[in-house]
Amino acid sequence: MKKYDQIVVGGGVSGLTLSLLLAKNGKKVLLLEKGPHLGGSLIRFYKKNIPFDTGFHFTAGFSRGGILSEMLKVLGIQDQIKPIFLSAPGSGVFVFEKDNLVYDMPSGTENFRLKLHQYFPQEIQAIDAYFLKVKKVYQATISLDLRKIGLHAQAVDEDYLSLQEVLDALTTNVHLKALLSAFCVCYGANPKETSFANHARVAGGLYESVARIENGGEAFIRAFNERFSQSNIEVCCNTTISECAEIKNDAVGRFILSNGESVTATECTFTIHPQEVLKILPRQYFRKAFLERVAAFETSYGFFSVFGIVENACPNEFGPSITSLLPSTNLNTLLDPNQKEDTALAIIRSVEAGKDGKKYCVVNAFQPEFYSNLKQWADSSIGKRPAAYNEYKARQAQRITERFSNFFPQYRNDFKIIDAASVLTFRDYLFSPEGNAYGIKQKMGQFNLFGKLPLVNIYVAGQSAVLPGIVGAMLSSFIVARNLIGKEEFNHFIAGELTN
Ligand SMILES: Cc1cc2nc3c(=O)[nH]c(=O)nc-3n(C[C@H](O)[C@H](O)[C@H](O)COP(=O)(O)OP(=O)(O)OC[C@H]3O[C@@H](n4cnc5c(N)ncnc54)[C@H](O)[C@@H]3O)c2cc1C
């Protein structure tokens, strides 16, 4: 029977980060991935030689001393990850389609705030009060500083106030409120459901800087793989844990893998969806209230995505940029699964190198989509979907094309859809329940599944643990690693890596 110090379950950015951190601290690691490849949502796919991103389009955290830059430095992969900042005019645009209003928002929190002053001169007080609150939450969130992270994040008052409550208290201007809450599309909950603090932790980083990565998530996967080959990490794809055995004193003694092997490890961390974790662990070790809490977690929405190119466009003038089309000002309505009208649509333009060496002007357009609305096709699988589902997909893609062409009439005749994906596609390729984009919904007052479980050598990290997105998923692994490695040793390690 093989012996490891640590098992990590799930080969997305969270599992990759945790495995490397543990190996860098002398642990022998077994990384289990259910799918055929490492990377999870980071994976890029190629159609007609053109690269398209599945679950990673842009990120915060790359400003000077930013949390992502620091995490990459500690992992020793910062040189392979090259940010492409979206800072030129026109690279961060919000559009209210029905009102014909366009807001071109600059990069940098101060620039963003001052541009809002120009757009809304009557609302200067409200704008400043909003940014002060964002700053307060951001500064109080010690987990956003690697030198200070601890397992127990301290709550602030804004953890118990919804984003909607805060905005309603500040202003009645519907366009301003919509602009300030539009980043909720980056964490999967609407303004009434999420706390202001959760919003501020995600939006605060995005105001500071937004960047795409050269070669997208593929750059991350390559960098991790390179480091793995020099580390004490064994990767096992197409494999998961099927049973926990020999449980004594609330600790699992043996892990039975889906390939039939048995292994031992001091600790095991799951970086997958919390409800999937509890399907693997024996239920009798958890209190009823605990099981009910996890069962009650709502899954965040996913995205219907269109992957296309604009032929004959000039690469030098094509991007990178993010254009957010909003059919109305009420994000709560737009993100309501029962509404039947158009919803928010994010259009990402970028220039990508194809496998054939050509440069392509790529468009990734995606809009929130709810699993509950596709339930009638939930039993189908890739390549075996019924005709009605394919018709639904064609209608969605057609409507996205119309909205894209209305805002970019210059590309109308040259926009070509190469592929499209629904939450069912994401579900089946990424092994994510309901094809969600951000794991569980981060709702106000919710206690996420995170850190040590009642089975004392089992831990949980991943995008559902602290904050969603690449930054949140990686951060959760840093916090758990601190516990697995030992607080003092970890602090020493971080200090050493950051000063090198
Ligand atoms: C369409 C879309 C667009 C997005 N856009 C962005 C963006 O622009 N920026 C951003 O920051 N975030 C974005 N996100 C969210 C981001 O991708 C995730 O927050 C992040 O990648 C999650 O990382 P993770 O490691 O926690 O999970 P995942 O990437 O989901 O990885 C989990 C891994 O575990 C594996 N797995 C599942 N079950 C098991 C099991 N039982 N045993 C073993 N392995 C298992 C899966 O196959 C997968 O490889 C987007 C997500 C989607 C879907």
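FYI, it's all coordinate maths here, none of it is from the lab. All values reported here derive from a predicted model rather than from experimental measurement. We place every Cβ from the backbone using ideal geometry, glycine too, and count neighbours over all the protein chains shown.
Any idea what angle helix 124-140 forms with the longest principal axis of the chain, computed on alpha-carbon atoms, 0 to 90 degrees, nearest 10?
10 degrees
Restricting to DSSP H runs of at least four residues, report the calculated mean residue ellipticity at 222 nm for the chain, -39500 (n - 2.57) per run over all residues, nearest 500 deg cm²/dmol.
Mean residue ellipticity, 222 nm, calculated: -10500 deg cm²/dmol.
Would you mind calculating the gained length between GLU317 and ARG254 on full extension (0.36 nm times residue separation, minus the Cα-Cα distance), in nm to one decimal?
Contour length minus Cα-Cα distance gives 17.0 nm.
Can you give me the angle between helix 487-499 and the longest principal axis of the chain, using Cα atoms only, in degrees from 0 to 90, rounded to the nearest 10?
50 degrees
With the crude spin-label approximation of a point 7 Å out along Cα→Cβ, what separation in nm comes out for GLN154 versus ASN373?
For the pair GLN154/ASN373, the computed spacing is 4.2 nm.
Taking the Cα of TYR285, stepping 7 Å toward and past its beta carbon, and measuring to each backbone N in the stretch 1-28: which are under 19 Å?
What the label zone holds, given the 19 Å backbone N cut-off, is 2-10.
In nanometres, what is the gap between the two model label sites at PHE85 and ARG293, each 7 Å from Cα along Cα-to-Cβ?
The two pseudo-label positions are separated by 4.1 nm.
Could you calculate the contour length gain from ASP428 to ASN49, that is, 0.36 nm times the residue separation minus the distance between their Cα atoms, to one decimal place in nm?
That works out to 134.2 nm of additional length.
Taking amide hydrogens as modeled 1.01 Å from N in the peptide plane, which residues meet the under 5 Å criterion relative to THR240, leaving out close sequence neighbours?
SER258, ASN259
Along the Cα→Cβ direction, 7 angstrom out, place labels at GLU226 and SER380. What is the inter-label distance in nm?
Reported label-point gap for GLU226 and SER380 is 4.2 nm.
Specify the angular offset, from 0 to 90 degrees and rounded to the nearest 10, of the alpha carbon long axis of helix 109-119 from the longest principal axis of the alpha carbons in the chain.
Taking Cα atoms only, the helix is inclined about 30 degrees.
Subtract the Cα-Cα distance of ALA245 and LEU161 from 0.36 nm times their separation in residues, and report this length gain in nm to one decimal.
So the extension gain works out to 25.9 nm.
Please report, largest first and rounded to whole Å, the three semi-axes of the ellipsoid equivalent to the stretch 345-500, where each semi-axis is the square root of five times an eigenvalue of the C-alpha gyration tensor.
Listed largest to smallest, the semi-axes of the stretch 345-500 are 38, 23, 14 Å.
How about the stretch 16-83: which trypsin sites (Lys or Arg not before Pro) there are in a DSSP loop, with at most 16 other Cβ atoms within 10 Å of their Cβ?
Listed in order of number, the matching sites are LYS48, ARG64.
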